[in-house]
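Below is one structure; the comments refer to it alone.
The values are calculated or read from the model by the stated rules, or taken from the named source; none is laboratory data. Note that the structure is predicted; figures quoted are calculated from it, not measured. Don't worry about glycine lacking a Cβ; one is built from the backbone with ideal geometry, like all the others, and counts go over all protein chains shown.
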């Protein structure tokens, strides 16, 4: 849909591998792809990092890390139904805590398995929305969903990026739930959303 070469990263998972293992893997993979771009048939100047749900969390963290550490250069981040804030309970997390595909009990259990003792949920590597320095980050495509518990934090991240001068193309999908784009067999809106994302990536990568 995008016309881009895709590299899918299999990162370590909790509870066997707790924070920051997944982040370390995502950063290492991004650096490797950048370094090996020519052999992979990839234009290293047009690198896109993206994911959905927890993968979008990692993508946001990778972009923040790359900016702080002078690379690798990332042109675009694509965040689909991102999970971005475990420090504060938003209105959407309260409103859709149950009966909307992913519930509060599941999110709490996942976080407990992911974080080692003493980890601070406000750490921007865990809650990227908590970062206070977003200027200079890659342009962003952000897709959120009306009935997603994580809707508000995704919308807030889009606003914070724009306020920091980052180019953002943000869409909140009416009537949709978390990761709706992955269930195209029952939701026709999923296919149209994926087509839209592909068009956005092509337009922003150039």
Quick one: in segment 43-53, which of the residues that are in contact with a helix residue (DSSP H, G or I) (Cβ under 8 Å, 6 or more places away or on another chain) and surrounded by fewer than 18 Cβ atoms within 10 Å (Cβ to Cβ) is nearest to residue 83 (Cα to Cα)? 46
Of the numbered conditions (1) without any contact (Cβ under 8 Å) to a residue 40 or more places away in the chain; (2) under 16 Å from the mean Cα position of the chain (by Cα); (3) assigned to a helix (DSSP H, G or I), residue 9 satisfies every one except a single condition; which is it? (3)
Go through segment 38-53 residue by residue and tally those that are within 22 Å of residue 166 (Cβ to Cβ) and either part of a helix (DSSP H, G or I) or without any contact (Cβ under 8 Å) to a residue 24 or more places away in the chain (or both). 4
Over segment 20-33, the set of residues more than 17 Å from residue 121 (Cα to Cα), surrounded by 18 or more Cβ atoms within 10 Å (Cβ to Cβ) and in contact (Cβ under 8 Å) with a residue 24 or more places away in the chain is 26, 27, 30, 33
So residue 100 passes all but one of these: (1) modelled with pLDDT of 95 or more; (2) out of contact with any helix residue (DSSP H, G or I) (no Cβ under 9 Å at 6 or more places or on another chain); (3) more than 28 Å from residue 75 (Cα to Cα). Which condition number does it fail? (1)
If residue 70 passes every condition in (1) out of contact with any strand residue (DSSP E or B) (no Cβ under 7 Å at 6 or more places or on another chain); (2) in a loop (DSSP other than H, G, I, E, B); (3) touching a residue at least 60 places away in the same chain (Cβ under 8 Å); (4) within 25 Å of residue 132 (Cα to Cα) but one, which one does it miss? (3)
Only residues that are within 17 Å of the chain's Cα centre (by Cα) and either in a loop (DSSP other than H, G, I, E, B) or modelled with pLDDT under 95 (or both): list them for segment 12-37, please. 12, 13, 19, 20
Helices (runs of 4 or more DSSP H) enclosed by segment 89-206 - at least 3 residues per element that are crowded, with 17+ Cβ neighbours inside 10 Å and in contact (Cβ under 8 Å) with a residue 60 or more places away in the chain: 151-163, 188-205
